[in-house]
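This report concerns only the one structure given below.
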Amino acid sequence: MSTNTSHINPLENEAIYIMREVAAQFEKPVLLFSGGKDSITLVRLAQKAFWPAKIPFPLMHIDTGHNFPETIEFRDRLAKELGVELIVRNVQDSIDAGKVKEESGRYASRNSLQTTTLLDAIEEFKFDACIGGARRDEEKARAKERIFSVRDDFGQWDEKSQRPELFDMLNGDIELGQNVRVFPISNWTELDVWSYIQKEEIEIPSIYFAHKRKTFVRDGMIWSAEDDIVFRDAEEIVEERLVRFRTVGDMSCTAAVLSDAVSIDKVVSEIRDSSISERGARIDDKRSEAAMEKRKQQGYF
Amino acid sequence: MPRANSQQLIKMEVLKIATAGSVDDGKSTLIGRILYDTKSLTSDKLEAIEKTSKQKGYDYLDFSLATDGLVAEREQGITIDVAHIYFSTAKKSYIIADTPGHVEYTRNMVTGASTSQAAIILIDARKGVIEQTNRHFFINNLLRVKEVIVAINKMDLVDYSEETYNAIKSDFSELMSKRDYENQNITFIPVSALKGDNVVNKTDVMPWYNGETILEHLERLDLAAVSNVGTPRFPVQYVIRPKTEDFHDFRGFAGKVYGGELNVGDTVVALPSQTKSKIKEIYAYDKKYQTASRRSSVTITLEDEINVSRGDMIVKEGDLPTIDKQFTATIAWMDSDQLKAGTKYVIQHGVNKVLAKVDKIHHKINPDYSGIEENVDGLGMNDIAKVTFKLNKPIFFDAFKNHRTNGSFIVIDTKNNNTVGAGFIQ
Ligand SMILES: Nc1nc2c(ncn2[C@@H]2O[C@H](COP(=O)(O)OP(=O)(O)OP(=O)(O)O)[C@@H](O)[C@H]2O)c(=O)[nH]1
Ligand SMILES: [Mg+2]
């Protein structure tokens, strides 16, 4: 065993520093937990930041109702093991209350509807900081995001008047009604996250590994045909394929990739050799060049 | 260019680089070119660049599209806000801050440089050294960025002329003689970001140049040598008190180690109380270590029950920083509301926040090396000046030249909580 801490990866040191700043600077922080690999990584980092104490803030999941059952089961078990509070708020409730309208048609997705449910939950619990797993390498508008990103009363991101972030000083001062979105793994790439999961032997939901699934192909991408959540034309043929998921968003906007990677080692080497980015498998980003920037201005994560 | 192999997947070395240079000198294009030539662009991102370049009617690939992510930036063809770009080679991982060249956004350039160990200053070979070059060199020197590459770009538009290159080099060398921080390493490289000459790959169009390409130079940099080392400073971020059965009396001080290392058994002093104790344990997560290395986030316990809270600082005995309620610093102002003498601000120094008053604006420093301006009563956006602050309680600081972390601070506007300036203590 090494006797000094110099082997610890600089990205982990930075993320832990950020977690501690959140706990110290805010009164009511929350960690937004989706059950995906990025938020699972965040949970591990939070655990490390405060050990031997428990994570000093709750986890919150905005459930679209279209999540993979494997992720939901995983989420509940993790929260229990950690002994932290898990808050769940449902997009279905926002739909039932008439606050948002369900999309219809071929590309219907509840992904963008999450925003309303999230903003309502922030208001309900008076959260002043929401920790999220977004990374700058995911998407070109994200590459501009600060680590502490201030949002106004409407959750909106004003990309033109972002606070400068110098050295590693994080300014979390806000006015009443404002809140801050915090991104501790801003500087991580997809490969960094996967290698971290590998090295730390972190458990992740089974859908990240190759499995047999009923699927169909549309626009060159592979969609899950289980659970009837993705709208499918009669002529779109369902076939069983060996696939895995690279991101686990909402089922309606997350495509699978053909893969025989059944272990974390195989997943890591697959990502390393892959020539397509993970966002390439997100239909919501393909809608337009500026899709992400627009969603963010409206308060999306 | 080989990609990272599996042994090096966990990042050990990350070199942070910021670009600088005037509008349209080709910063974004250069970064896009580096990504392309190191095969760091995924096929979907490359397709998007090809598609948009075609739509715009270009007969070449516009690599700036790889980094200019905002709609306004793509429309205007300029960079407005800093973008962070990531790539790795077999040797190292890199984070490049693509900063805007427009004078109006100089503050974003300061931001980019504040976290970097290296800078690439671009010069358009057709224009040579201009006012923005002076300013960007000044800022990189002020922020004590150790390595500066001066990339003389668009060599394709000056027939790859050696004379042009030499003339620019000699103009720039004149600037170097005026600099304050003399230990800065400066390397000149003639490039064409658009064509890819001397960016990642060597070229045969400039046979008169035998030096390294930009990437070759970056690959050779020794990270330890380009990082600023000082004495150990441990600002306490958070006190960990689990109050569980197993850790009933545990009181851990969580923070990041700056400047140098701390060891179990070291005699330390807690500031501001100046109480002495010894380091009992060093934890990173649930593992104990003998040494907390520079830049690592750890939790420290002390032999004695002393009162330490957030904003306090743990330092080694006999190695104390300055403890004072006033200091003079060079500041870079970043807000459209003017800084005025007598105004109150919050100063954030590391994780410590104090109320401060501007005691005196001594003079403005023209960042183009044309001297200073005295008798100024306010500072506007992008101004650089020497200012004295008075604080409502003492802070524990070092001079910026001795300690990049413990010698810097940000200024926060008490009205709207915005970060409105950055300072470097003298
Ligand atoms: N011929 C030629 N054109 C270049 C070269 N490098 C960049 N350009 C062009 O110069 C223009 C500006 O390039 P950008 O990369 O957007 O410049 P920038 O420095 O990022 O500009 P700002 O971010 O707005 O400050 C584009 O049209 C590029 O294609 C070069 O080496 N040769
Ligand atoms: Mg640019």
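The values are calculated or read from the model by the stated rules, or taken from the named source; none is laboratory data. Here the structure is a predicted model, which is why all the values come from computation and not from measurement. Glycine also receives a Cβ, built like all others from the backbone with ideal geometry; neighbour counts cover every protein chain displayed. To get the accessible areas, we keep the full protein, side chains included, count just its heavy atoms, and leave off ligands, DNA and RNA. Shrake-Rupley method; radii C 1.70, N 1.55, O 1.52, S 1.80 Å.
Relative contact order of the range B:322-425, please, whole-number percent, based on alpha carbon pairs below 8 angstrom and at least 6 residues apart.
Details: 263 pairs, mean separation 39.0, N = 104.
After rounding, I find 38 percent.
Quick one: accessible area per residue over the range B:11-226, 1.4 Å probe, rounded to a whole number of Å²?
Values: 8020 Å² over 216 residues.
On a per-residue basis, the range B:11-226 sits at 37 Å².
Roll a 1.4 Å probe over the protein chains and send me the accessible area per residue for the range B:355-426 in Å².
Values: 2840 Å² over 72 residues.
Spelled out: the 1.4 Å probe surface of the range B:355-426, per residue, equals 39 Å².
Quick one: Cα centre-to-centre distance for the range B:373-417 and the range B:271-341, in angstrom?
19 Å
How much net charge surrounds B:ALA151 when only the other residues with a Cβ under 12 Å from the Cβ of B:ALA151 are counted, with Lys and Arg +1 and Asp and Glu -1?
Numbers: positive: B:LYS27, B:ARG33, B:LYS154, B:LYS169; negative: B:ASP25, B:ASP124, B:ASP197, B:GLU212.
Once positives and negatives cancel, what remains is 0.
From largest to smallest, what semi-axes in whole angstrom does chain A give when each is the square root of 5 times an eigenvalue of its alpha carbon gyration tensor? Mind dumping the intermediate values first?
Numbers: eigenvalues 175, 120, 66 Å².
The equivalent ellipsoid of chain A has semi-axes of 30, 24, 18 Å.
Which pairs in the list B:LYS51/B:LYS146; B:LYS390/B:LYS415; B:LYS316/B:LYS340; B:LYS280/B:LYS401 are over 27 Å apart, alpha-carbon to alpha-carbon?
Working: B:LYS51/B:LYS146 39 Å; B:LYS390/B:LYS415 19 Å; B:LYS316/B:LYS340 38 Å; B:LYS280/B:LYS401 32 Å.
Exceeds cut-off: B:LYS51/B:LYS146; B:LYS316/B:LYS340; B:LYS280/B:LYS401.
For chain B, state the average projected area of the convex hull of the C-alpha atoms over all orientations, rounded to one decimal in nm².
On the way: hull surface 93.5 nm².
Projected area, direction-averaged: 23.4 nm².
Have a look at B:ILE121, B:ILE300, B:ILE240 and tell me which one the Gaussian network model of chain B (Cα, springs below 10 Å) gives the largest fluctuation.
Evaluated over chain B, the most mobile residue of the options is B:ILE240.
Need one number: the % of Cα-Cα pairs in the range B:233-316 sitting beyond the 21 Å mark. Don't jump to the answer; show the numbers that get you there.
Working: 607 of 3486 pairs.
Value for the range B:233-316 (Cα pairs over 21 Å): 17 percent.
Of the accessible area of chain B, with the probe set at 1.4 angstrom, what percent is carbon plus sulfur? Spell out each step's value before the answer.
Values: 7450 of 16950 Å².
Carbon with sulfur: 44 percent of the solvent-accessible area.
Considering only DSSP beta bridges where both residues belong to the protein assembly as shown, give the percentage that are antiparallel (nearest 5).
Working: 95 of 132 bridges.
Approximately 70 percent, going by the DSSP bridge assignments.
How many Lys pairs in the range A:72-152 lie less than 27 angstrom apart by Cα atoms, where the lysines are 8 or more positions apart or on different chains? If you can, show how the numbers build up before the last one.
Working: A:LYS80/A:LYS126; A:LYS99/A:LYS126; A:LYS101/A:LYS126; A:LYS126/A:LYS144.
The number of close lysine pairs in the range A:72-152 is 4.
Compute the relative contact order of the range B:11-226 as a whole-number percentage, counting only Cα pairs closer than 8 Å that sit 6 or more residues apart in sequence.
Working: 384 pairs, mean separation 51.0, N = 216.
So the answer I get is 24 percent.
List the longest stretch of chain B that has no exposed loop site; here a site is one of the chymotrypsin sites (Phe, Trp or Tyr not before Pro) assigned by DSSP to anything other than H, G, I, E or B, with at most 14 other Cβ within 10 Å.
Working: sites that count: B:TYR58, B:TYR60, B:TYR181, B:TRP208.
My reading of the result: B:209-426 is the longest stretch.
What does the buried accessible surface come to for B and A, summed over both chains, with the probe at 1.4 Å? Round to 100 Å². Please list the in-between numbers first.
Details: alone 20100 and 14790 Å², together 28470 Å².
Looking at B and A, the buried total is near 6400 Å².
Let me check against my output: what whole-number percent is the relative contact order of chain A, with C-alpha pairs under 8 Å and at least 6 apart?
20 percent
Quick one: work out the % antiparallel among DSSP beta bridges in the range B:11-226, nearest 5. Walk me through the numbers on the way to the answer.
On the way: 7 of 30 bridges.
Here the antiparallel bridges make up roughly 25 percent for the range B:11-226.
Counting helices only, and only those DSSP H runs with n ≥ 4, report the 222 nm mean residue ellipticity of the protein assembly as shown as the sum of -39,500 (n - 2.57) divided by its residues, in deg cm²/dmol to the nearest 500.
Details: 17 runs with 171 residues, N = 727.
So the helix-based figure for the protein assembly as shown works out to -7000 deg cm²/dmol.
Between B:THR343 and A:LYS266, what is the spin-label point distance in nm, taking each point 7 Å from the Cα along the Cα→C-beta axis?
Placing both labels 7 Å beyond Cα along the Cβ direction yields 6.2 nm.
Going by a 1.4 Å probe on protein heavy atoms, which residues of the range B:400-416 end up with at least 50 Å² less accessible surface in the whole assembly than in their chain alone?
Buried by the other chains: B:ILE410.
Along the charge dipole of chain A, which of A:HIS211, A:ILE131, A:SER274 sits closest to the positive end, that is, farthest toward it, with unit charges on the beta carbon of Lys, Arg, Asp and Glu (+1, +1, -1, -1)?
Highest projection toward the positive end goes to A:SER274.
Hey, what D do you get for the range B:322-425 in µm²/s if you plug the Kirkwood alpha-carbon radius into Stokes-Einstein at 10 °C and 1.306 mPa s? Could the numbers behind the result be given before it?
Working: Rh = 13.6 Å.
Once the numbers are plugged in, D ends up at 117 µm²/s.
Measuring from a point 7 Å past the Cα of B:GLU163 along Cα-to-C-beta, which residues in the range B:111-127 have an amide N at less than 15 Å?
Hits in the range B:111-127 for B:GLU163 at 15 Å: B:126.
Taking the Cα centre of the protein assembly as shown as the origin, how large is its charge dipole in debye, to the nearest 20, when only Lys and Arg (+1) and Asp and Glu (-1) carry charge on their Cβ atoms? Mind showing how you got there, number by number?
Values: 96 positive and 111 negative charges, 276 e Å.
For the protein assembly as shown, the charge dipole is close to 1320 debye.
Exceeding 19 Å between C-alpha atoms, which entries from my cross-link table qualify? They are B:LYS353/B:LYS386; B:LYS127/B:LYS364; B:LYS357/B:LYS393; A:LYS199/B:LYS39. Each step should come with its number before you reach the end.
Values: B:LYS353/B:LYS386 21 Å; B:LYS127/B:LYS364 28 Å; B:LYS357/B:LYS393 11 Å; A:LYS199/B:LYS39 25 Å.
As for pairs spanning more than 19 Å Cα to Cα, those are B:LYS353/B:LYS386; B:LYS127/B:LYS364; A:LYS199/B:LYS39.
From the P(r) of the protein assembly as shown, could you give the percentage of C-alpha pairs in the tail past 32 Å? Show your work: numbers first, answer last.
Working: 142714 of 263901 pairs.
Of the Cα pairs, 54 percent sit more than 32 Å apart.
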